[in-house]
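Colleague: Have a look at the structure that comes next, please.
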Amino acid sequence: QKEVEQNSGPLSVPEGAIASLNCTYSDRVSQSFFWYRQYSGKSPELIMSIYSNGDKEDGRFTAQLNKASQYVSLLIRDSQPSDSATYLCAVYSGGSQGNLIFGKGTKLSVKP
Amino acid sequence: DGGITQSPKYLFRKEGQNVTLSCEQNLNHDAMYWYRQDPGQGLRLIYYSQIVNDFQKGDIAEGYSVSREKKESFPLTVTSAQKNPTAFYLCASSIRTGASGANVLTFGAGSRLTVL
């Protein structure tokens, strides 16, 4: 059974701080990694994708991938109250489209 | 604007009734998906379709049925056989299989089903 694990939180950080969200996955052959943000009662929206080892930066967001450790993380710099949401990690293991597995999400709360 | 339209947004059902959730996309995406989300849970795949007239079961297909007669449409029926149907249902789509970004999902706004 392929698994994607996230700390459910809540993770609470003060405004302006760096929020660090972590995700581990079980399938060593996983190819593609995604971070989605989901506000309460809303649908998920993609904020980052990463496909190779290392860091990928987009504005205040940085995704980090370490395939050897089967670990992917999301850093949010200069956190804002509007970043308060649940962050879902998703991992694609190849083959059919059904092999995209979501974690349960980490709830982030940014305090003013 | 391109996107995915789900309807209804809220739906109440009595036990024993079948209900159908609508999902329409105008993104010209080949693949479409249905996910279920329960409080504190991640997204669980119900069904997915990669091309018209073909669909595959996901992890929790029991008690659900789908059809894909048109590229733009992928309705989900929650049957009376689904033992615990109260949940948030999300429809998604992605570009054709194997293409770059094929696993990047675009979601609809969701349908919240409550069984009374």
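The values are calculated or read from the model by the stated rules, or taken from the named source; none is laboratory data. Not measured: the values here are computed from a predicted model. Every residue, glycine as well, gets a Cβ built from its backbone with ideal geometry; the counts of neighbours run over all protein chains shown.
Colleague: Which members of the range B:71-114 meet the condition of being at pLDDT below 90, more than 8 Å from every other protein chain (Cβ to nearest Cβ) and surrounded by 16 or more Cβ atoms within 10 Å (Cβ to Cβ)?
Modeller: Of everything in the range B:71-114, those that are at pLDDT below 90, more than 8 Å from every other protein chain (Cβ to nearest Cβ) and surrounded by 16 or more Cβ atoms within 10 Å (Cβ to Cβ) turn out to be B:Gln82, B:Ile95.
Colleague: Among the residues of the range B:36-45, is any closer than 26 Å to A:Ile47 by Cβ, at pLDDT 95 or above, of a type in the set (Lys, Arg) and assigned to a strand (DSSP E or B)?
Modeller: Yes: the range B:36-45 contains one or more residues that are closer than 26 Å to A:Ile47 by Cβ, at pLDDT 95 or above, of a type in the set (Lys, Arg) and assigned to a strand (DSSP E or B).
Colleague: Of all residues in the range B:47-70, which are crowded, with 18+ Cβ neighbours inside 10 Å and assigned to a loop (DSSP other than H, G, I, E, B)?
Modeller: So the first thing to find is which residues in the range B:47-70 are crowded, with 18+ Cβ neighbours inside 10 Å, and the list is B:47-50, B:55, B:58, B:64, B:66, B:68.
Scanning the range B:47-70 gives B:Gly58, B:Arg68.
Colleague: Identify, from the list B:Phe12, B:Phe88, the residue that is among the aromatic types (Phe, Trp, Tyr) and within 24 Å of A:Val91 (Cβ to Cβ).
Modeller: Working: B:Phe12 fails: within 24 Å of A:Val91 (Cβ to Cβ).
On inspection, the qualifying residue turns out to be B:Phe88.
Colleague: Mind telling me which of the residues A:Tyr71, A:Tyr36 ends up being in contact (Cβ under 8 Å) with a residue 24 or more places away in the chain and away from chain B (no Cβ under 14 Å)?
Modeller: Working: A:Tyr36 fails: away from chain B (no Cβ under 14 Å).
Answer to the check: A:Tyr71.
Colleague: Restricted to the range A:25-34, and to residues that are touching a Ser or Thr at 6+ places or on another chain (Cβ under 8 Å) and of a type outside the set (Val, Ile, Thr), which residue is surrounded by the fewest Cβ atoms within 10 Å (Cβ to Cβ)?
Modeller: Applying the first criterion (touching a Ser or Thr at 6+ places or on another chain (Cβ under 8 Å)) to the range A:25-34 yields A:27, A:29-34.
Narrowing the set further to residues that are of a type outside the set (Val, Ile, Thr) leaves A:27, A:30-34.
Numbers: A:Asp27: 17, A:Ser30: 20, A:Gln31: 15, A:Ser32: 20, A:Phe33: 27, A:Phe34: 24.
Of everything passing the filter in the range A:25-34, A:Gln31 is surrounded by the fewest Cβ atoms within 10 Å (Cβ to Cβ).
Colleague: Right, something else. When residues of the range A:87-102 are filtered for being under 18 Å from A:Glu45 (Cβ atoms) and surrounded by fewer than 23 Cβ atoms within 10 Å (Cβ to Cβ), how many remain?
Modeller: The initial filter retains those residues of the range A:87-102 that are under 18 Å from A:Glu45 (Cβ atoms), namely A:87-92, A:100, A:102.
From what is left, the residues that are surrounded by fewer than 23 Cβ atoms within 10 Å (Cβ to Cβ) are A:92, A:102.
Residues flagged as under 18 Å from A:Glu45 (Cβ atoms) and surrounded by fewer than 23 Cβ atoms within 10 Å (Cβ to Cβ) within the range A:87-102 amount to 2.
Colleague: Right, something else. Mind checking which pairs have a first residue in the range B:1-25 that is within 13 Å of B:Leu113 (Cβ to Cβ) and a second that is of a type in the set (Phe, Trp, Tyr), Cβ under 7 Å, 6 or more apart or different chains?
Modeller: Filtered contacts from the range B:1-25: B:Leu21/B:Tyr89.
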